[in-house]
Amino acid sequence: MKKPKKIAVLTSGGDAPGMNAAIRAVVRACAYYNLDCVGIYRGFQGLIEGDFKTLDARSVKHIINRGGTFLKSARSKEFMTTEGRKKAFHHLKSNDVDALVVIGGDGTFAGASIFYGEFNFPVVGIPGTIDNDINGTDFTIGYDSALNTAVEAIDKIRDTANSHNRLFLVEVMGRDAGDIALNAGIGAGAEEILIPEQNLGRERLLESLSRSKKSGKSSSIVVISEGDQIGKNIFGLADYIKENLTEYEVRVTVLGHIQRGGAPSCYDRVLASRLGVGAVDALLKGENNVMIGLIHNKVSSVPFSKAIKGSNEIDEELIRVADIISV
Ligand code: F6P
């Protein structure tokens, strides 16, 4: 297979802190190897519409520290159609692009893999999502930053919870994955953590909260992943607790999209830089239809089919630690 001379990069799906650092690394690796580079705006939608811009090493100055993605992101319904993907292929060809780097989550990789299958067009992925729900990488870009944002927010909630002897239910992001809830919950000292991977039931939560009260705790924080079955209606859950445990004064905070914004942590900047360079290295070695991730802290590649979620298991040891330290 001939080596690519021109590489395109895009960000797709929910944005994540560190995406800019990843784009920067791809662009600078291209410059380092004397390859041309183009940015595609608005993810696969911009690819379908031919929204391309040439990028050189200086185009990505002063962005390593910036949240969001300057290339913008989108979830493209059109790319799910054969017609849409044909248009995308046409634009890549007419712009003389030889290979594509996609930065995003499992939906992005699923689309990229179909695209590769249809057109045999070289494509490599970089995991960028706050959810950390991708196989084949120790961490996804944005996850560490989102965790720090969540913990900082919960620390503040703890101050007011403690002043008023209240119980706070705090919802964090993670549609299908409990990684943010579990780790932010441990880091912020939550009494209980509810995650989608573990359906524990409302009664068990009541029992646990009763025990907490009896053990002398004056305020409590329950961290709930948005995808958790009993937490899905967090205000309904608050009413249920109020009805059944009248001794508790309950409040709800939904952290929402603040977890997706803000400057990336140093860890995410370094991770994004390593994976961005790794993606260009992989394309130059002739690899494609793979995601570049970090396995045991080594830059590695896994086929898209393995990266896409499904068996991202939650760490049982973390669940045990959370239970023990909240006693
Ligand atoms: O996949 C990242 C994520 O932030 C999830 O945690 C969340 O459920 C979802 O995106 C929200 O998506 P949107 O910004 O489209 O509402």
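The values are calculated or read from the model by the stated rules, or taken from the named source; none is laboratory data. Being a predicted model, the structure only gives us computed values, none of them experimental. Don't worry about glycine lacking a Cβ; one is built from the backbone with ideal geometry, like all the others, and counts go over all protein chains shown. Just so you know, the surface numbers come from the protein's heavy atoms only, side chains and all, with ligands and any DNA or RNA stripped out. Shrake-Rupley method; radii C 1.70, N 1.55, O 1.52, S 1.80 Å.
Descriptive notes on the structure:
- For the range 132-183, residues that are in the same structural domain as residue 66 (by TED's automatic domain parsing) and more than 22 Å from residue 23 (Cβ to Cβ) total 1.
- Some residue of the range 170-182 being among the aliphatic types (A, V, I, L, M), away from the ligand (no atom under 15 Å from the Cβ) and either under 29 Å from residue 272 (Cβ atoms) or not in a helix (DSSP H, G or I) (or both): no
- Residues considered: 235, 168. Of these, the only one that is farther than 22 Å from residue 134 by Cα, among the aromatic types (Phe, Trp, Tyr), buried (at least 18 other Cβ atoms within 10 Å of the Cβ) and within 28 Å of the chain's Cα centre (by Cα) is 168.
- Selection count, the range 197-210, where residues are open to solvent by 40 Å² or more (accessible area, probe 1.4 Å) and assigned to a loop (DSSP other than H, G, I, E, B): 4
- Screening the range 124-146 for residues that are hydrophobic (A, V, I, L, M, F, W, C), surrounded by 24 or more Cβ atoms within 10 Å (Cβ to Cβ) and more than 10 Å from the ligand (Cβ to nearest atom) and picking the one that is farthest from the chain's Cα centre (by Cα) gives 124.
- With respect to (1) within 15 Å of the ligand (Cβ to nearest atom); (2) of a type in the set (Phe, Trp, Tyr); (3) within 30 Å of residue 2 (Cα to Cα), the lone exception for residue 115 is condition (1).
- Only listed residue being away from the ligand (no atom under 14 Å from the Cβ) and either modelled with pLDDT under 95 or in a loop (DSSP other than H, G, I, E, B) (or both), chosen from 221, 230: 230
- Taking the numbered list (1) modelled with pLDDT of 95 or more; (2) closer than 15 Å to residue 128 by Cα in turn, residue 282 passes all entries but (2).
- Pair list, Cβ under 7 Å, 6 or more apart: the range 228-245 residue over 18 Å from residue 256 (Cα atoms), other residue assigned to a helix (DSSP H, G or I) and open to solvent by 90 Å² or more (accessible area, probe 1.4 Å): 240/202
- Among the residues of the range 266-289, those that are open to solvent by less than 20 Å² (accessible area, probe 1.4 Å) and hydrophobic (A, V, I, L, M, F, W, C) comprise 271, 272, 275, 279, 280, 282, 283.
- Residue 213 vs. criteria open to solvent by 30 Å² or more (accessible area, probe 1.4 Å) and away from the ligand (no atom under 16 Å from the Cβ): yes
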